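Here's the structure we're looking at; comments come further down.
Laboratory data are not the source of any read-out in this text; all were calculated from the coordinates shown. In this text, all values refer to a predicted model and were calculated from it rather than measured experimentally. Reconstructed Cβ throughout: ideal geometry from the backbone, glycine too, with neighbour counts over all protein chains shown.
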Amino acid sequence: MATTNFGNNSADRKFVKKAMKAPLLEQEHELDLARRWRERDDEAALHELTSAYMRLVISMAAKFRHYGLPMPDLVQEGNVGLMQAAARFEPSREVRFSTYASWWIRSSIQDYVLRNWSIVRTGTTAAQKSLFFNLRRLRAQIDDTDDAVMTRENKQWVATHLGVPERDVETMASRLSASDRSLNAPLAVDGDAEWQDLLADESKEPEAEIMERRDSDRRKEWIAEALKALTDRETLIIKERRLTDDTVTLETLGKQLGISKERVRQIEHQALGKLRKALEGIVGDPEEAGLLPDV
């Protein structure tokens, strides 16, 4: 089933066949592999664990193929979710890895579909995502086959079933029935004007950009000054936990510093208090200056 959905590329077909032939794991062996990867960074254990569940990625990716996106791309995104699951899986909970990984795989594929199905953002909340992925199925259940127009009764039924407002159902039905329009498409047959000519310029004025950069530089100076009130260990924890885009986990910092993750959390809490006090001495109200709670 998966091979036919993958297209005619021989390499892709070989990949699918290999994935589907990977042996299933017994629960104890699965947990042992997860522990070896989590506790000892055993890459061989990670490879065996994820290879065994590539079939799960392929199977789940196939469920989203009707959105018009390439099957190999869906599988690739599902594999990203599988790797995230392996990184976050806690063997101590004694839950099957396949059960845990399913959520991450599905979430990764759904996010990819939402990002690429249309140039217009389709939905960001959990309710909107549920509406996007379930509207066609629910309409089919009630034999509502008209692409965009839904009767009030049908909109009510779907809205009640998914717990969303009727207007969201109507908007989503309209979006799912329409294709993206090129910004270079002409407004009229006999004119040179294009759709992009109607778009408002939302870029900031040069003066506003300069002020934002100046405010950002000032905040950085305030934070650098306030950090002087912390110890070296407190500074490291605050920088890794609050002042970087790739936040380091409590557990990773605990291993790095030779302390428990709970102790790292306590030090972080204490350091934030000291940092707040130092910032109050510099700017008065840290929140008003846009420095806290995220610093």
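In straight-distance terms, cross-link reach from K155 covers every one of the lysines whose alpha-carbon lies under 24 Å from its own, apart from those fewer than eight places away in the same chain; here that gives K129.
3J(HN,Hα) along region 246-261: 9, 5, 7, 6, 4, 5, 5, 5, x, 5, 5, 9, x, 9, 6, 5 Hz, from the Karplus curve 6.51 cos²θ - 1.76 cosθ + 1.60 with θ = phi - 60°, whole Hz, x for Gly and Pro.
Roughly how many debye, to the nearest 20, is the charge dipole of region 207-283 about its Cα centre, given +1 on each Lys and Arg Cβ, -1 on each Asp and Glu Cβ, and no other charges?
Charge dipole, region 207-283, about its Cα centre: 420 debye, nearest 20.
Among the listed pairs K239/K277; K17/K63; K63/K261; K220/K274; K18/K63, a Cα-Cα separation exceeding 28 Å is found for K63/K261. Backbone amide hydrogens, once placed in the peptide plane, bring A22 within less than 5 Å of nothing, excluding anything fewer than 5 places away on its chain.
With Cα atoms defining each centre, region 23-58 and region 228-289 are spaced 35 Å apart in the structure.
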